[in-house]
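Visitor: Would you mind keeping the following structure in view while I ask a few things?
The values are calculated or read from the model by the stated rules, or taken from the named source; none is laboratory data. None of the values given here were measured: they were computed from a predicted structure. Glycine also receives a Cβ, built like all others from the backbone with ideal geometry; neighbour counts cover every protein chain displayed.
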Amino acid sequence: MTSTPTRWSRAVRAAIVTALLAVSALALAACGGNSASSGSSSSTGSAGSAGVSAADKVAAQWAQRPTRIPVTQPIGKPIPSGKRIDFINCGVTSCTILYKNLVAAAKSVGWTVRQINTAGTPESVQAAWKQAVNDRPDAVIASGFPRAVFAQQLKQLQALKIPVLESSTDDVEGNGIDLILNGPKDLRPSGQILASWIAKDSGGKANTLYVDLPSFGILKPVRQFFQQYYAQWCKGCKSQTVDIPVTAIGKDVPDRVVSYLRAHPDINYVAYSLGVLNVGVPAALRQAGLANKVKTIVTVGDAENYQYIASGQSQAAMAFSNVETPWVWVDALARTFTGQSIAVDRKAQLPFMLITKNNLISTSSEFPIVASYQQQWKTLWGKG
Amino acid sequence: MSTDTAAAHASASERHVVTRPRAARRTPQWRRALSFGNIGAVYVWLLIILAFTVWVPGTFATRTTFEQILNNNAVTGLIALSVVIPLAARVFDLSVAFTMTLSGVTVAHFAAQTGVGVAPAVGIALGVALLIGVLNGFVVVGLGVDSFIATLATGSLIKAFITMVTNDQSITGVQLLRPPFSSIAQTDVAGLTLPVLYLLVTAGAIWFVLERTATGRRLYATGFNPDAARLQRVATDRLRFLSLITSALLAGVAGIVFTSAIGSGSPTAGDPYLLAAYAAAFLGATQLRGGRFNAWGTVIAVLLLGTGTTGLSLASTPQWSTSVFTGIVLIVALAVTSGRVRVPQRMRRRAVATD
């Protein structure tokens, strides 16, 4: 008869351990808040309507499709042909798009591009940069790599006087990196586009959930600029932020967003710092009965989000073109190889655009924002 | 000697390890069924539900949350179920995530870009998944490569093929966002979407095969002791081959359902599901069947982990809290199971000492 107390005591012990662990997990989770709220619910009268009017104008400007490439100064000298460029591919879709378009841009001036792949690990990134050093190309181009990962190779490339160009990295030009496109300073339009559309569309009565991906450092300025302009143009509006771990992408982001919206039913707009965060969310919103309660806008639209906009499941996106970025790189290198300053390229503001159902250009993720960009660049380079 | 005898021997041998023979005979069946050791995760689950009901009373204990948990975890459940049969036969299929991706981009391509229609597109995607299963079976059984390494390798090949074909870009098209294709995953019946039904039907089918057929007993026998099973004329190689085909087909179904749910063919769709599938399958093995990989235990595990994700999101906890929750729940459930394995030995020693 001793077995019963033994079983019961074991069960009780196990239950207590489980309860303690579960409660500690929940308590631990409760220690930090995932959201940050800001804004005032009180309307500020004429100041508020002035902000909305300003947002309306800004949104209207960004909704216009640009017709000019961001550089207008011709090269003015013959561009030497036969240059070899090494492109280090970061391994994600946007880098592959950059590579494809870099090949097209380089080809138009008689250059060739060699792609060096990485597997996403710091070791593979370093190995790729070492390969670029050993290759002794005329220039090295990459996207999204933090300087710390390839600092040693950068010094070697600098010593060899090989130009290094980057994009979409949370860094500043100098000390070996000659040009950074879409760096933190260039992302002001992202914040303007998100904030102006929400302020305009809501008439200054938005309560916005900003869904962010903090592990991507380059998105930090997007959030800062959004908050800055949102506060400026939408004075009576509120905002909250929810951070998403990168491991949730493609899996439980819809669940997280839907849960947050259910817990905060007064939210009526959702802004995503990256388009991929919205993938799968419209269906989850519909299943939860929230489809018509919130409007969404994403930064860096992609094929999925343009399809959502076309079908009315999402409302807006900030279009940013990886098609045109490589042409600025080639322009900068052409100026370097002809002994000119690349100041015009450093100042170049790549085209951004506010996309809604009314002005949707394409449901492809690869459309150029300036339709005749190739012809315009070739004209600058004397190849037109 | 029949193969069922071998399966029964292996099954008895396995029960000898993970249950307490003397105490179990004295305990009523209903008490064993409801014991903490048998369904510990269910009690943990109830505790968690209670905690969230107190923590977020306005939103958690609602029908919407119930539907949300089921709807949002159906694909995870399908991919987790896909590895149950191979694991029962002690075969790892690490390529399921990539098979899921491949079937997803295949169905997206054919449904959105070729005009062949939804049914043929689904058929082609399942055919591709079947081919992956045959490839895995050939490498594991035909070439005798360890399944862990073999399916890691075939997964890598599938990933390369996906990248080569899709250029790492999602396949989209308005056809994927509207019926009939969207109906595969987005049809709503009383708040529950069709993938929940697929999950329940699949779990029921796997339960039937594993628990109610000779094939199921042979699969377990193959998993518990392949040499002994082979000596008893169980066609272990054929079962391992078929288990890999089953996992590939179920992963293919999961890929099609996921593509229909998000409305595009993503070249990375399956990547986040691999660890979740194995975590659920292993946690599920601690439930109901005392150490055996089984369907309903896996479903319970998926829903337990999903309840945590949804509850923590409703409570607006930090982004890392879900990982903390998952880690702790896995440790607790597996610790309870390891206790079950050791206790009978202690009890046996005590019994011997008493005698």
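Visitor: Which members of region A:163-185 meet the condition of being small (G, A, S), closer than 16 Å to A:L98 by Cα and either assigned to a loop (DSSP other than H, G, I, E, B) or over 19 Å from the mean Cα position of the chain (by Cα) (or both)?
Guide: The answer is A:S168, A:G183.
Visitor: Right, here's the next one. Of all residues in region A:220-258, which are more than 14 Å from every other protein chain (Cβ to nearest Cβ), buried (at least 24 other Cβ atoms within 10 Å of the Cβ) and among the aliphatic types (A, V, I, L, M)?
Guide: The answer is A:V222, and nothing else.
Visitor: Step by step: first the residues of region A:300-314, then only those that are in contact (Cβ under 8 Å) with a residue 24 or more places away in the chain and among the polar types (S, T, N, Q), then the one that is nearest to the other protein chains (Cβ to nearest Cβ). Which residue is that?
Guide: Per the stated criteria, the residue is A:Q307.
Visitor: Still on this model: Residues B:L194, B:L200: which one is touching a helix residue (DSSP H, G or I) at 6+ places or on another chain (Cβ under 7 Å) and surrounded by fewer than 24 Cβ atoms within 10 Å (Cβ to Cβ)?
Guide: B:L194
Visitor: Further question on the same structure: Can we say A:A334 is more than 13 Å from chain B (Cβ to nearest Cβ) and of a type in the set (A, V, I, L, M, F, W, C)?
Guide: yes
Visitor: Here's something else I'd like to know. Just to be sure before I move on: is A:S40 modelled with pLDDT under 95, exposed (fewer than 13 other Cβ atoms within 10 Å of the Cβ) and touching a strand residue (DSSP E or B) at 6+ places or on another chain (Cβ under 9 Å) in the structure I sent?
Guide: yes
Visitor: Quick one: which of B:L330, B:L275 is within 28 Å of B:T222 (Cβ to Cβ) and without any contact (Cβ under 8 Å) to a residue 40 or more places away in the chain?
Guide: Going through B:L330, B:L275 in turn, the sole match is B:L275.
Visitor: Can you tell me which of A:I177, A:I198 is crowded, with 20+ Cβ neighbours inside 10 Å, under 26 Å from A:V140 (Cα atoms) and in contact with a strand residue (DSSP E or B) (Cβ under 6 Å, 6 or more places away or on another chain)?
Guide: Residue meeting the stated conditions: A:I177.
Visitor: Against the definition (exposed (fewer than 15 other Cβ atoms within 10 Å of the Cβ), part of a helix (DSSP H, G or I) and free of Cβ contacts under 8 Å to residues at least 12 places away in the same chain), how does B:G123 come out, yes or no?
Guide: yes
Visitor: What's the number of the only condition in (1) in a loop (DSSP other than H, G, I, E, B); (2) out of contact with any helix residue (DSSP H, G or I) (no Cβ under 7 Å at 6 or more places or on another chain) that B:R90 fails to meet?
Guide: B:R90 satisfies all of (1) in a loop (DSSP other than H, G, I, E, B); (2) out of contact with any helix residue (DSSP H, G or I) (no Cβ under 7 Å at 6 or more places or on another chain) except (2).
Visitor: Further, regarding this structure: Run down B:T101, B:T59 and say which single residue is of a type in the set (S, T, Y), in contact (Cβ under 8 Å) with a residue 24 or more places away in the chain and not in a helix (DSSP H, G or I).
Guide: B:T59
Visitor: On to the next question. Could you check, for region A:285-299, whether at least one of its residues is within 14 Å of chain B (Cβ to nearest Cβ), under 20 Å from B:Q169 (Cα atoms) and modelled with pLDDT under 95?
Guide: no
Visitor: Pairs only if they're at least six apart or on different chains, beta carbon under 9 angstrom, first in region A:357-384 and over 16 Å from A:P66 (Cα atoms), second among the charged types (D, E, K, R) and part of a loop (DSSP other than H, G, I, E, B); list them, first residue then second.
Guide: Matching pairs, first to second residue: A:S365/A:D302; A:G382/A:K77.
Visitor: Can you find a residue in region B:41-55 that is within 27 Å of B:I184 (Cβ to Cβ), surrounded by fewer than 21 Cβ atoms within 10 Å (Cβ to Cβ) and touching a residue at least 40 places away in the same chain (Cβ under 8 Å)?
Guide: No: zero hits.
Visitor: Restricting attention to region B:163-172, report how many residues are closer than 19 Å to B:A261 by Cβ and more than 7 Å from every other protein chain (Cβ to nearest Cβ).
Guide: 2
Visitor: Another question, if that's okay. Hey, among B:V209, B:V234, B:V189, B:V257, which residue is aliphatic (A, V, I, L, M) and free of Cβ contacts under 8 Å to residues at least 60 places away in the same chain?
Guide: Being aliphatic (A, V, I, L, M) and free of Cβ contacts under 8 Å to residues at least 60 places away in the same chain holds for just one of B:V209, B:V234, B:V189, B:V257, which is B:V189.
Visitor: Working only within region B:261-276, note down all residues that are more than 9 Å from chain A (Cβ to nearest Cβ) and buried (at least 24 other Cβ atoms within 10 Å of the Cβ).
Guide: Of everything in region B:261-276, just one residue is more than 9 Å from chain A (Cβ to nearest Cβ) and buried (at least 24 other Cβ atoms within 10 Å of the Cβ), namely B:G265.
Visitor: Please tell me if A:R188 is of a type in the set (K, R), in contact (Cβ under 8 Å) with a residue 40 or more places away in the chain and either more than 14 Å from every other protein chain (Cβ to nearest Cβ) or surrounded by fewer than 22 Cβ atoms within 10 Å (Cβ to Cβ) (or both).
Guide: no
Visitor: Across region B:176-186, which residue is surrounded by the most Cβ atoms within 10 Å (Cβ to Cβ) among those that are more than 10 Å from chain A (Cβ to nearest Cβ) and in contact (Cβ under 8 Å) with a residue 60 or more places away in the chain?
Guide: For region B:176-186, the residue satisfying everything is B:F181.
Visitor: Within region A:261-284, which residues are at the interface with chain B (Cβ under 7 Å from one of its Cβ atoms), of a type outside the set (V, I, T) and surrounded by 23 or more Cβ atoms within 10 Å (Cβ to Cβ)?
Guide: Hits for region A:261-284 are A:R262, A:G280, A:A283, A:A284.
Visitor: Can you pull out every residue in region A:232-278 that is hydroxyl-bearing (S, T, Y), touching a residue at least 24 places away in the same chain (Cβ under 8 Å) and in contact with a helix residue (DSSP H, G or I) (Cβ under 7 Å, 6 or more places away or on another chain)?
Guide: Selection gives A:S239, A:Y260, A:Y269, A:Y272, A:S273.
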